[in-house]
Amino acid sequence: MSDRLLITGASGLVGANLVRALLAQGRNVRALIHHDHRALDGLDVETISADVRDQASLERAMAGIEVVYHLAGSISLEMDSGSEMMEINTIGTRLVVNACMKCGVQRLIHFSTIDALKKDSLGTPVDEEQPLIDADLTDDELARIPPYDLSKARAEREVLAGIGRGLDAVIVRPTAMLGPYDFKPSLIGQALLQLANGKIPALVKAGFDWVDVRDVVAGVMRAERDAPAGSSYMLGGNWHTLREVAVMAAAFSQRSAPRLTVPFWLADLFAPVMLKLASFNNTHPIYTRVTLEALRGDRHVSSARAERELGYTARRLSETVRDTLTWFQEQGYLRGGTP
């Protein structure tokens with residue numbers, strides 16, 4: 001295993017857990033941060049300020065580095081965020097790939113997402129054979145794809161282009177991640193807090209694949225060590241409905257889960273209003289055109305390749321929800337509750 005590691009986006013949910021897991025192995029970690037460093041306070045880690053949109057700063061950050069975990073990215077729930085998403089997620093990944101090749105990095109672990117893949121699986125669990133979301137689409141169809149999804153698909157293409165030029169890289173695609181050390185908190189962490197605090201009045205009849213960030217971290221660390229160059233892996237967990245997740249959160253906080261379930265057409269109708277209200281209140285809505293599109297896909301995932309080649313496993317979601325809300329409670333994000 002390499003002892004000279006760089007993590008981009010180290011202050012997010014994945015980064016906070018990955019840094020701690022690598023340090024527990026006694027490895028030397030250099031963490032690239034942009035602004036927020038709360039997730040790394042008190043840790044024995046080298047921090048460096050850099051911007052994924054600036055290749056010169058990336059090359060300085062990669063000096064002497066053997067392995068890069070590329071986590072940095074931007075997530076948006078709005079449809080008019082295409083320019084920012086493309087600049088940070090797609091062009092930023094292109095510059096990371098270029099810097100890795102110029103600096104002689106031995107392996108790049110690129111974090112993509114299930115959202116980068118097409119949603120027309122027709123009931124078949126999504127696996128590594130699913131095409132990227134921008135494949136064989138007209139301009140009108142591309143315009144309807146959420147900017148985040150499209151930017152991550154095109155970011156994968158930048159990594160694939162690097163692999164074609166000789167870069168040793170592995171792509172991982174987690175599903176919806178939850179877990180402790182969610183300092184910002186993440187968008188999914190915020191949604192879980194809203195459920196636990198009784199702030200969501202209604203649910204839609206939908207579900208998704210939810211995974212513990214600690215299991216994702218264990219999987220990617222095995223990928224660093226064991227995965228063949230150029231490989232990719234789905235890192236999923238367990239499929240649950242929104243109502244099942246809401247019941248878990250409500251049980252922890254000793255509140256009632258939302259009783260009302262609304263059809264998608266009604267959620268679609270009110271999504272723009274909720275987005276405006278959230279902007280006014282400086283919060284993030286659980287239902288937007290982007291999140292509803294993701295939920296509408298009702299996506300089941302197969303992590304069979306990761307299980308077979310990496311020994312990947314995923315714990316029960318009830319354990320993840322409990323541990324996540326316990327951590328939020330300890331940090332003052334959540335009042336009441338029963339750890």
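Here are a few things to note about the model shown:
- Residues D80, D3, ordered by accessible area of protein heavy atoms at a 1.4 angstrom probe radius and largest first, appear as D80, D3.
- Protein heavy-atom surface of the chain, 1.4 angstrom probe: 50% of the accessible area is carbon and sulfur, with nucleic acids and ligands not counted.
- Charge-dipole axis of the chain as Lys and Arg at +1 and Asp and Glu at -1 on Cβ define it, positive-most pick from A229, L23, M248: M248
- With every protein chain in place and a 1.4 angstrom probe, the accessible-area ranking of E307, E66, E156, largest first, reads E307, E66, E156.
- Packing rank of 321-330, 215-224, where each peptide gets the mean count of other beta carbons within 10 Å, highest leading: 215-224, 321-330
- q = 0.16 Å⁻¹: log10 I(q)/I(0) that the Debye formula gives for the stretch 1-138, counting C-alpha atoms only: -0.88
- Principal axis dimensions, largest first and in whole angstrom, of the chain by Cα: 55, 49, 41
- Taking a Cβ cut-off of under 13 Å around V247, the surrounding Lys, Arg, Asp and Glu residues balance to a net charge of +3, with basic ones at +1 and acidic ones at -1.
- Whether the stretch 82-141 is rounded, prolate or oblate, judged on the alpha carbon gyration tensor where a/c under 1.5 counts as rounded: oblate
- Working from Cα pairs under 8 Å separated by at least six residues, relative contact order for the chain is 18 percent.
- Lysine pairs meeting the criterion (Cα under 24 Å, 8 or more apart or interchain), as found in the chain: 10
- The ratio of the alpha-carbon radius of gyration of the stretch 155-251 to the globular-protein estimate 2.2 N^0.38 Å is 1.34.
- Rolling a 1.4 Å probe over the protein heavy atoms gives the chain an accessible area of 44 Å² per residue.
- Only helices enter the 222 nm calculation for the chain: every DSSP H run of n ≥ 4 contributes -39,500 (n - 2.57), and dividing by all residues gives -12500 deg cm²/dmol, rounded to 500.
- Placing +1 on the Cβ of every Lys and Arg and -1 on the Cβ of every Asp and Glu, with no other charges, gives the stretch 45-177 a dipole of roughly 460 debye about its Cα centre.
- Span-like helix ranges in the chain, DSSP H, alpha carbon extent 18 angstrom or more, Kyte mean at least -1.0: 147-164, 213-226, 264-281, 317-330
- Its Cα centre serving as origin, the chain has a Cβ charge dipole (Lys and Arg +1, Asp and Glu -1) of approximately 780 debye.
- Relative packing of peptides 252-261, 311-320 - highest average C-beta neighbours within 10 Å first: 311-320, 252-261
The values are calculated or read from the model by the stated rules, or taken from the named source; none is laboratory data. Since this is a predicted model, take the numbers as computed values, not measurements. Counting neighbours? That spans all protein chains shown, and the Cβs are built from the backbone with ideal geometry, glycine included. Heavy atoms of the whole protein, side chains included, go into the accessibility calculation; ligands, DNA and RNA do not. Shrake-Rupley method; radii C 1.70, N 1.55, O 1.52, S 1.80 Å.
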